[in-house]
Amino acid sequence: MRVFAVVIILAALFWGADNAGVPAPRSGIAIDASKAPPAPQSLGFEAGGRSPDGHVLAINSRYLVLDNKPWFPVMGEFHYSRYPASEWEEEILKMKAGGIRIVSSYVFWIHHEEVEGAFDWSGQRDLRKFVELCGKHGLYVWVRVGPWAHGEARNGGLPDWLLQKSAVRQNDPAYLKYVGRFFGEIGGQIKGLFWKDGGPIVGVQIENEYHDRGTGKGTEHILTLKQMARAAGLEAPFYTITGWDNAAVPEKEVVPVFGGYAEQFWARSRKELPPNPNYFFTPIRCEENVGPDLRSQHPEIDARQKPYPFLTAEMGGGMELAYHRRPLMAADDTAAMTLVKLGAGVTLYGYYMFHGGTNPDGKLTTLQESQATGYPQDMRVKSYDFQAPLNEFGQMNPSFRDLKSLHLFLNDFGSDLARMAPAFPDKLPEGRQDTATPRASARIDGTRGFIFLNNYQRNYPLPERKQLQVRLKLAGGSVDVPKQPIDLPSGAYTFWPVNLDVGGATLDYATAQPLCRLDNPGTVVFFAWPGIAPEFAFRTAEGLSVEAPHARVRREDGRVYVDRIVPGTAAAIQVRKAGASVQILVLSREQARNSWKATVAGRERLILSPADIFFEGDTVHLRSTDPARLTLGIFPQPAGEVAGLHYAGRDGIFERYTSRVQPVTVSVDVRKQAEAGEVPPVKMGKEVAMAPVDADFGAAARWSIRVSSLPGGPVRNVFLHIAYMGDVARLYTGDALVTDDFFKGTAWEIGLRRLAPEALAGGLELKILPLRQDAPIYLPAGARPSFASGSQVAALKEVRAIPEYEAAGVLKR
């Protein structure tokens, strides 16, 4: 009995409301968020602006502001000059359907003035048309004008001729003369498209990854570039500069933006990298400043960044391939990192890349980064797919759906989240190798907020967290979330609300993740993470009614608890208070991935569909390589029939519709033309392996591929699916290189829609250069082929033509 009493006393000391600073036990997490953070402060310099129709943009030390409300937009990078202009609009609509609100893009100098004095702003280089299309569909634009951009472009985007005329990236008079001309050209192209003119451009990024110091360099150079940009008519509410890499950031002139990646194609190692710091909750903004012990390596850098809001422009939306290092990305790699950064305090989330592309043809040279041009690695000649949420040919990667779940939340709750300051547990992981300490944070504004949990680490699975519970100390007291500890599955990453207003009722907490909300009718949508039972705890109040016909409702300790919820399409909970009524929908994670939200036919609507979807006015476009997936549920109910689709009955709160598209077969004829020759050992550059050059492809194995004419009707595209083993693969029409691939163990897909019919009719040629067994490159686990028959391999396993089908439904107003 004495032992039992001691245990009770110790437990009371830990979980007591006034002792949240006491370290949590192994199964618990203690976060003290009781102290109010400093109020947002002015940055001390002019920023923001008013549009002609009276909308106002501003910024403070914590967040962006739109029309006097905190603004938390999602930004996605899409390089217009790496994509056919005829397909821009459709891809912009896909980005919008994925929750993107700002489109950012580099303006690569070499793409526009490869030949000195011969500027090219036509076709897929038409910056003005691209910006206008973004504005047409209600998206904002952030132009990244360099002059040095990087983006794995040749010379970082600087033309070859420029490098022969002057020093660059400093206040050299000759360099500045050419920069002024380049900026003037940009200003002329997008004149009248800035926020002050009623246009969509809200931001301009100057330079990129700039850390030079010395006379005419550093902050002096950045200030010169900003002045030149403004003089050229590039007048935007916000001017930014990348803040990592010991950046030169002039005070009270520009806002630093940050980034982080789940992998590094630029790493010199040919092994798996150590645990990535971006999966740990930390207030440190620069990835390279996070030491192995997770502490800041340069606190003075953190101090310089603290007066600015935590804005990002380059959170990895995937990862590009270099010849020497070819990481394979999973959807969870990207989505878990996104959630962690939201929990760490970010208030603008910017992806690099959100949409992949293909390098345009150069007039004089190829346009990729290479060791031959003095850069540290070799990139693919054509492909810049980046394993982004939207691929090189517009395919929606699995990561698109997981990220969309977070973006829908930010679009509806971002204004609240932006106000919330981050708070971190009393006990933090001791280093990158620490797998025992739970990873958590909170974003809090007074007495309400969100708890963030991450139990995912790329390439290093974390253990299940047994009996996990968070004690969150707020200004008005402490709350245990959940009331009874739960087991957090390995690989889970999620967040839970605390004291969320739901139709006038207070939701003390829920162990389900908020997805979005609709005002008419009042609906709040959550989803349950697999392995975590959803529980909702409402604070008892006069006039409160909580009903859940298919779940358990119990009242105790001043709360109404709802549990034993089976996720699905029916309303799980009905909450009524003071005449207001709100329904709560609890979806499964897979249903959340298949959820879309848009204003269609005059109303906000929630769409449930396994198809890839985008919206155009009152039309819902559905795409899939499987016609059976061209189906959707719509809530609220449409007014009348949905033209182009067929009614298929009711599913919970959704009205279901389907198409009658039938599958077709596209035949492919593949014939081997030449066996591979013996290839010499891979050459080494200064530090890493060098990619083969054109002449080396004389030793490639070659196949001719003929695809039957592409069908019309519901077939929107045809993807050539190529499964192979080798080192480098290239696809040609005649002598023209369509795109290329570095082998990484997965199939390669090429969209054929953009090929001219006559080029396709003439046939394709596939070349696969053999992979040597001793090639000094990194391949993902399980990707390296067996070399049973020799010291090299070049094999074609399968070629298929996969049609992508489209159906469209038009809703009546």
Verdict on Asp332 being of a type in the set (Asp, Glu) and in a loop (DSSP other than H, G, I, E, B): no
Subset tally (residues that are under 27 Å from Gly49 (Cβ atoms), in a loop (DSSP other than H, G, I, E, B) and β-branched (Val, Ile, Thr)) for segment 141-195: 1
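The rows are residues; the columns are (1) farther than 30 Å from Lys744 by Cβ; (2) of a type outside the set (Ser, Thr, Tyr); (3) surrounded by 24 or more Cβ atoms within 10 Å (Cβ to Cβ).
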site: Asn391; (1), (2), (3): no, yes, no
site: Leu403; (1), (2), (3): no, yes, yes
site: Asp412; (1), (2), (3): yes, yes, no
site: Ala423; (1), (2), (3): yes, yes, yes
site: Asp426; (1), (2), (3): yes, yes, no
Test: residue in segment 302-309 that is of a type outside the set (S, T, N, Q) and part of a strand (DSSP E or B): no
Spans of strands (runs of 3 or more DSSP E) in segment 471-511 with at least 1 residues basic (Lys, Arg) and farther than 22 Å from Gly414 by Cα: 477-488
Residue in segment 725-734 that is open to solvent by 40 Å² or more (accessible area, probe 1.4 Å) and more than 19 Å from Gln395 (Cβ to Cβ) present: yes
Considering residues of segment 581-597 that are open to solvent by 40 Å² or more (accessible area, probe 1.4 Å) and touching a residue at least 40 places away in the same chain (Cβ under 8 Å) only, the residue farthest from Gly99 (Cα to Cα): Ser581
Selection within segment 640-670 - exposed (fewer than 12 other Cβ atoms within 10 Å of the Cβ), touching a residue at least 24 places away in the same chain (Cβ under 8 Å) and touching a Lys or Arg at 6+ places or on another chain (Cβ under 8 Å): Gly640, Asp669
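Residue-wise test of (1) surrounded by fewer than 17 Cβ atoms within 10 Å (Cβ to Cβ); (2) among the polar types (S, T, N, Q); (3) farther than 30 Å from Asp67 by Cβ.
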residue: Leu158; (1), (2), (3): no, no, yes
residue: Leu162; (1), (2), (3): no, no, yes
residue: Asp172; (1), (2), (3): no, no, yes
residue: Tyr175; (1), (2), (3): no, no, yes
residue: Leu193; (1), (2), (3): no, no, no
residue: Gly199; (1), (2), (3): no, no, no
residue: Tyr210; (1), (2), (3): no, no, yes
residue: Arg213; (1), (2), (3): yes, no, yes
One residue from Ser34, Ser51 being open to solvent by less than 20 Å² (accessible area, probe 1.4 Å), farther than 30 Å from Gly316 by Cα and modelled with pLDDT of 95 or more: Ser51
Filter pass, Gly726 being closer than 25 Å to Pro376 by Cα, in contact with a helix residue (DSSP H, G or I) (Cβ under 6 Å, 6 or more places away or on another chain) and among the small types (Gly, Ala, Ser): no
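Report whether or not Val793 is closer than 17 Å to Asp741 by Cα and either among the aliphatic types (A, V, I, L, M) or out of contact with any Pro (no Cβ under 6 Å at 6 or more places or on another chain) (or both).
Yes, satisfied.
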Residue, surrounded by the fewest Cβ atoms within 10 Å (Cβ to Cβ), within segment 780-813, restricted to residues that are out of contact with any Ser or Thr (no Cβ under 7 Å at 6 or more places or on another chain) and of a type in the set (Val, Ile, Thr): Val799
Count of residues meeting criterion [open to solvent by 10 Å² or more (accessible area, probe 1.4 Å), of a type in the set (Asp, Glu) and outside any helix (DSSP H, G or I)] in segment 65-94: 1
Residues of segment 206-259 satisfying the condition of being assigned to a strand (DSSP E or B) and closer than 20 Å to Ala47 by Cβ: Ile206, Phe238, Tyr239, Thr240, Ile241, Thr242, Val255, Pro256, Val257, Phe258
Within segment 691-712, considering residues that are out of contact with any strand residue (DSSP E or B) (no Cβ under 9 Å at 6 or more places or on another chain) and assigned to a loop (DSSP other than H, G, I, E, B), the one farthest from Ala775 (Cα to Cα): Gly712
Answer residue from segment 598-617, given it is open to solvent by less than 30 Å² (accessible area, probe 1.4 Å) and of a type in the set (Gly, Ala, Ser) and is nearest to Leu515 (Cα to Cα) among those: Ala598
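Just to be sure, is Val502 crowded, with 17+ Cβ neighbours inside 10 Å, over 26 Å from the mean Cα position of the chain (by Cα) and under 15 Å from Gly343 (Cα atoms)? Explain how you work it out, then say what you get.
Numbers: crowded, with 17+ Cβ neighbours inside 10 Å: yes; over 26 Å from the mean Cα position of the chain (by Cα): yes; under 15 Å from Gly343 (Cα atoms): no.
Answer is no for this residue.
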Count - residues of segment 676-690 that are more than 31 Å from the chain's Cα centre (by Cα), of a type in the set (A, V, I, L, M, F, W, C) and part of a loop (DSSP other than H, G, I, E, B): 3
Residue list for segment 428-452, restricted to those being surrounded by fewer than 17 Cβ atoms within 10 Å (Cβ to Cβ) and among the hydroxyl-bearing types (Ser, Thr, Tyr): Thr435, Thr447
Complete set of residues in segment 723-741 that are part of a loop (DSSP other than H, G, I, E, B) and within 33 Å of the chain's Cα centre (by Cα): Gly726, Asp727
Pair list, Cβ < 8 Å and 6+ apart or interchain, from segment 462-478 residues that are within 17 Å of Ile532 (Cβ to Cβ) to residues that are open to solvent by 60 Å² or more (accessible area, probe 1.4 Å) and in a strand (DSSP E or B): Gln469/Gln484
Given (1) touching a residue at least 60 places away in the same chain (Cβ under 8 Å); (2) within 24 Å of Leu766 (Cβ to Cβ); (3) hydrophobic (A, V, I, L, M, F, W, C); (4) surrounded by fewer than 21 Cβ atoms within 10 Å (Cβ to Cβ), number of the condition Ala689 does not satisfy: (4)
Of residues in segment 475-499 being under 29 Å from Ala598 (Cα atoms) and of a type in the set (Val, Ile, Thr), the one surrounded by the fewest Cβ atoms within 10 Å (Cβ to Cβ): Thr494
Output for segment 95-140, where each listed residue is assigned to a helix (DSSP H, G or I) and in contact with an Asp or Glu (Cβ under 7 Å, 6 or more places away or on another chain): His112, Leu133
Filtered residue count, segment 713-722, keeping only those that are open to solvent by 20 Å² or more (accessible area, probe 1.4 Å) and part of a strand (DSSP E or B): 2
Residue in segment 700-713 that is farther than 29 Å from Ala756 by Cα, over 32 Å from the mean Cα position of the chain (by Cα) and free of Cβ contacts under 8 Å to residues at least 12 places away in the same chain present: no
Those residues of segment 759-779 which are within 18 Å of Arg325 (Cβ to Cβ), buried (at least 16 other Cβ atoms within 10 Å of the Cβ) and within 33 Å of the chain's Cα centre (by Cα), in sequence order: Leu769, Leu771, Ala775, Ile777, Tyr778, Leu779
Qualifying residue in segment 342-357 (condition: open to solvent by 10 Å² or more (accessible area, probe 1.4 Å) and in contact with a helix residue (DSSP H, G or I) (Cβ under 9 Å, 6 or more places away or on another chain)): no
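The values are calculated or read from the model by the stated rules, or taken from the named source; none is laboratory data. Computed from a predicted structure; not experimentally measured. Cβ atoms come from the backbone with ideal geometry, glycine included; neighbour counts cover every protein chain shown. We work out accessible area using only protein heavy atoms, side chains counted, and drop any ligands, DNA or RNA first. Shrake-Rupley method; radii C 1.70, N 1.55, O 1.52, S 1.80 Å.
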